[in-house]
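Following: one structure in structure tokens, then a few remarks.
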Amino acid sequence: MQIPEKVVPRDKIIVRTGLVGILTNVILALFKGAIGFFTNSIAIVIDAINNLSDVLSSVITIVGLKLAGKKPDKEHPYGHGRIEYLTALSIGVIILYAGFAALISCVRKIFAPLTPDYDGVSLFLIAVAVVVKIVLGSYTQKMGVRANSDSLIASGIDAKFDALVSFSTLVAAFIFIFFGVALEAYLGVIISLLLIKTAAEILKDTINKILGSPLNIEIAKQIYTEIKKIDGVLGAYDLMFHDYGPDKMLGSVHIEVSEDMSAASIDTLTRKIQSEIFAKFSVVIDTVGIYALNLKDEKTAKIYSEIQKIVFSDEKILQMHGFHANSIEKIISFDVIIDFDAINREQIHQNIIKEVSAKFSDYEILIALDSDYSA
């Protein structure tokens, strides 16, 4: 009999991982600081300071988690989940600062070098530190992915860079011992630049989430597929999500249904969509918009076909949906999605309106310019 894996709450994973990081980095910082002082090695001293910045990152992660877990209130009805993005942003800034501080120190040592004095014990302890930081970085990053925590992922990446810094110190030490050439400062410059690059990538990713990055296209495809499987849905479009923090997503979608479907049937259908998507993806579909599709009569189907030819004659048109032709009131309406890469999306939109209006001059043409929010 297979025993099911125990599900650990997300907050416990983050706190436990953060505490492991704090303890490990404090011990490493003390050892490296002592080694750097006695061996007169600027690279090791910088490495020790970097470990202390990792301690601060872990503390910020835990504090951010606690603040993000506060219950919704009048001022923040959607909760406080986005605080976690602010903590990831803070960690990115810390890494960026550490990178620039290390870069400045290393450049100074190039022009005013100190002669290092290595011994076997120091080198052994640095080698141990490399292994410890690789293990810690991999563990932290893995837990970050498991808990969907950008802060932990950022801390894990930073820990791996610490291992690279320590390894470069070992390389520099052996080069100095065997060849008498001190390369610490130069290697420090290279590592500092890599650290700055990593910080910039972390900041960019976090800022994109705060501003509103598109939903992952693979997840969007899966959600669209599941919605279209439900009986009564003729098409699904305009999937949109608002991110209120990790695992806190509210979304909306438009579906096409037959124009003769009753209000009661539509109500049942939308509730089914909401329950099934939440059960499979843990995503709340807050709103389901309705497009009434009327392609049953031959005349309307022909109009639809002719309009499709006009619309898709422009390669920048990605999608056309929500089509409805009212032959009594003489109104044709639908939405178009135009590629964000188009030089002038509004101009393309106006051109479509003009061409369709010219073709069907006896109808009022209502064409909405829509956007694709799923990458």
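The values are calculated or read from the model by the stated rules, or taken from the named source; none is laboratory data. Bear in mind the structure is a predicted one, so any value in this text is a computation, not a measurement. Every residue, glycine among them, receives a Cβ derived from its backbone with ideal geometry; neighbour counts consider all protein chains shown.
Under the condition of being assigned to a loop (DSSP other than H, G, I, E, B) and at pLDDT 80 or above, which residue from region 63-76 is farthest from Asp286 (Cα to Cα)? Out of the qualifying residues, it is Lys70. Does at least one position in region 313-322 carry a residue that is outside any loop (DSSP other than H, G, I, E, B), surrounded by fewer than 13 Cβ atoms within 10 Å (Cβ to Cβ) and among the acidic types (Asp, Glu)? No: zero hits. For first residues located in region 225-238 and outside any strand (DSSP E or B), partners that are among the small types (Gly, Ala, Ser) and lie 6+ apart or on another chain with Cβ distances below 6 Å form the pairs Ile227/Ala236; Lys228/Ala236.
In this structure, does Leu193 turn out to be surrounded by fewer than 17 Cβ atoms within 10 Å (Cβ to Cβ), of a type outside the set (D, E, K, R) and under 16 Å from Ala98 (Cβ atoms)? Judged against the criteria, Leu193 is a match. Scanning region 219-264 for residues that are more than 18 Å from Asp335 (Cβ to Cβ), more than 16 Å from the chain's Cα centre (by Cα), among the acidic types (Asp, Glu) and surrounded by 14 or more Cβ atoms within 10 Å (Cβ to Cβ) yields one hit, Glu226.
Within region 273-304, being of a type in the set (Lys, Arg) and within 29 Å of the chain's Cα centre (by Cα) holds for one residue alone: Lys280. Residue count for region 274-296 under the criterion of being closer than 13 Å to Leu234 by Cβ and either in contact (Cβ under 8 Å) with a residue 40 or more places away in the chain or assigned to a strand (DSSP E or B) (or both): the result is 4. Total residues in region 104-157 satisfying the condition of being over 29 Å from the mean Cα position of the chain (by Cα), among the hydrophobic types (A, V, I, L, M, F, W, C) and surrounded by 20 or more Cβ atoms within 10 Å (Cβ to Cβ): the figure is 3. Could you run through region 203-221 and say how many residues are assigned to a helix (DSSP H, G or I) and touching an Asp or Glu at 6+ places or on another chain (Cβ under 8 Å)? Total satisfying the criteria: 3. Against the test of being within 19 Å of Ala301 (Cα to Cα), surrounded by 13 or more Cβ atoms within 10 Å (Cβ to Cβ) and not hydrophobic (A, V, I, L, M, F, W, C), the options Ser361, Ser327 yield a single qualifying residue, Ser327. Within region 77-128, the set of residues being in a loop (DSSP other than H, G, I, E, B) and not hydroxyl-bearing (Ser, Thr, Tyr) comprises Pro77, Gly79, His80, Gly81, Arg82, Ala112, Pro113, Leu114, Pro116, Asp117, Asp119.
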